[in-house]
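The values are calculated or read from the model by the stated rules, or taken from the named source; none is laboratory data. Here the structure is a predicted model, which is why all the values come from computation and not from measurement. Counting neighbours? That spans all protein chains shown, and the Cβs are built from the backbone with ideal geometry, glycine included. What goes into the accessible areas is simple: the full protein's heavy atoms, side chains included, and nothing from ligands, DNA or RNA. Shrake-Rupley method; radii C 1.70, N 1.55, O 1.52, S 1.80 Å.
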Amino acid sequence: MKKMILCAAAVVAAVCAAGCGKTQEAAQATAETVQESAEAAAEAAENTVAQLDAALAVANGKVSELDNDEVLRPDVKVAELTVVDFNATWCGPCKMLAPVFEQAAAKFEGKVAFLSVDIDKCPATAAAFGVQAVPTVVILRPDGKTSTFVGTQDLLPADKFFKVVQDNL
């Protein structure tokens, strides 16, 4: 989809350049530059998805820490149920949720991916998900639906959190 839009932009740029008195060669060069930019953007998007997939694959049974602020966005398609904990090192309730999150990762090993995102290290990711308070837990489902929980009220004690995860499987 992005490639088609960028290709259309290249054609429009080429036509505009030709109509503005530029030579055909200059118009072609402009179109080629736009095409190269489109290809680079598509490749970067594929690499980002591959990085997320790699992080989640390694995390089987453990919580994976997200350290790339450009990998995870709300519209990303996940292959398996993915539970994302937005937290901060200075947050008391986050520290209370962390061991429960790790227990859940072990309990649902092979069925659910668990990802921890420090909002101070990945502010763009937190902003993309609309995180305004921590802890915030977002559940991403393979069907594209999401659920969001703010605070620990619905997630503690551990059996509540396990039920939330189980209900989304």
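The accessible surface of the range 67-120, taken with every protein chain in place and a 1.4 Å probe, is 51 percent carbon and sulfur. Expressed as a whole percent, the proportion of Cα-Cα pairs in the range 98-169 lying more than 13 Å apart is 67%. Accessible area ranking (1.4 Å probe, heavy atoms, ligands and nucleic acids excluded), largest first, for 77, 160: 77, 160. The residues of the range 81-159 expose, per residue, 46 Å² of accessible area to a 1.4 Å probe. When the GluC sites (Glu not before Pro) in the range 69-165 are filtered for DSSP coil states and for at most 16 other beta-carbon atoms within 10 Å of their beta-carbon, the remaining sites are 70, 80, 109. Couplings for the range 130-138, taken from phi via the Karplus curve 6.51 cos²θ - 1.76 cosθ + 1.60 with θ = phi - 60°, read x, 5, 10, 8, 10, x, 10, 10, 10 Hz in order; Gly and Pro are left as x.
The chymotrypsin sites (Phe, Trp or Tyr not before Pro) of the range 91-140 include none that DSSP puts in a loop with a beta carbon having at most 12 other beta carbons within 10 Å.
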